[in-house]
Amino acid sequence: MKELNVIKTPYEEFCGNLHLKDTDEPDFIYTCDLDDEYIGFMIAYKHNKECIYLQYAAFDEKFRGYYAPILFNRIVDKVLDEYKGIICRIENTNIKAIKVALNAGFLIIGTRFDGTLFVELMKVKEEK
């Protein structure tokens, strides 16, 4: 199996003077590579000391489709080495992304309406 590297970088260290407009800046950027080949990134906020809020995830075009759910699952497992839980929300019309999250072990915990209807999901680290 290829080696997956997930690198957590504080947002300010990663982006320097680049600041987002009209939104809160994330706490972390996770960049991911597979055998030193860039595959994608995730943006996250610290929800509390034990849980992060995943705001956005994206994969390079050649890792979308078949590979995306497999890689997303492996990345989430790496993030759960540090945190007890991950929360995310996905637009209710983005069925593919909801399926990827459910297949990675996320559970639907609710919905939220912020002008758009979102499905909220959470994955909790399994105790071994």
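The values are calculated or read from the model by the stated rules, or taken from the named source; none is laboratory data. All values reported here derive from a predicted model rather than from experimental measurement. Cβ placement follows ideal geometry from the backbone for every residue including glycine, while neighbour counts extend to all protein chains displayed.
Does ILE86 satisfy the criteria of being assigned to a strand (DSSP E or B), modelled with pLDDT of 85 or more and over 18 Å from GLU3 (Cβ atoms)?
It is true that ILE86 is assigned to a strand (DSSP E or B), modelled with pLDDT of 85 or more and over 18 Å from GLU3 (Cβ atoms).
As an exercise: evaluate ILE75 against (1) hydrophobic (A, V, I, L, M, F, W, C); (2) surrounded by fewer than 11 Cβ atoms within 10 Å (Cβ to Cβ); (3) under 13 Å from the mean Cα position of the chain (by Cα) and give the number of the one condition it does not meet.
(2)
Tell me whether region 47-60 contains one or more residues that are β-branched (Val, Ile, Thr), surrounded by 19 or more Cβ atoms within 10 Å (Cβ to Cβ), at pLDDT 85 or above and more than 14 Å from VAL6 (Cβ to Cβ).
no
Testing LEU71 on (1) closer than 17 Å to GLY105 by Cα; (2) at pLDDT 80 or above; (3) not hydroxyl-bearing (Ser, Thr, Tyr), one condition comes back false. Which one is that?
Failing condition for LEU71: (2).
Please verify whether region 106-119 includes one or more residues that are within 21 Å of ASP27 (Cα to Cα) and either out of contact with any Gly (no Cβ under 7 Å at 6 or more places or on another chain) or modelled with pLDDT of 90 or more (or both). Full working, then the answer.
Residues of region 106-119 that are within 21 Å of ASP27 (Cα to Cα), as a first pass: none.
No, because not a single residue in region 106-119 is within 21 Å of ASP27 (Cα to Cα) and either out of contact with any Gly (no Cβ under 7 Å at 6 or more places or on another chain) or modelled with pLDDT of 90 or more (or both).
State all residues of region 61-72 that are part of a helix (DSSP H, G or I) and either among the aliphatic types (A, V, I, L, M) or surrounded by fewer than 13 Cβ atoms within 10 Å (Cβ to Cβ) (or both); if no residue qualifies, say none. I'd like the intermediate steps shown before the answer.
Of the residues in region 61-72, the ones part of a helix (DSSP H, G or I) are 61-63, 67-72.
Matches in region 61-72: GLU61, LYS62, ALA68, ILE70, LEU71.
Collect the residues in region 27-38 that are without any contact (Cβ under 8 Å) to a residue 40 or more places away in the chain and either within 21 Å of ILE90 (Cα to Cα) or among the acidic types (Asp, Glu) (or both), keeping them in residue-number order.
Within region 27-38, ASP27, PHE28, ILE29, THR31, ASP33, ASP35, ASP36, GLU37 meet the criteria.
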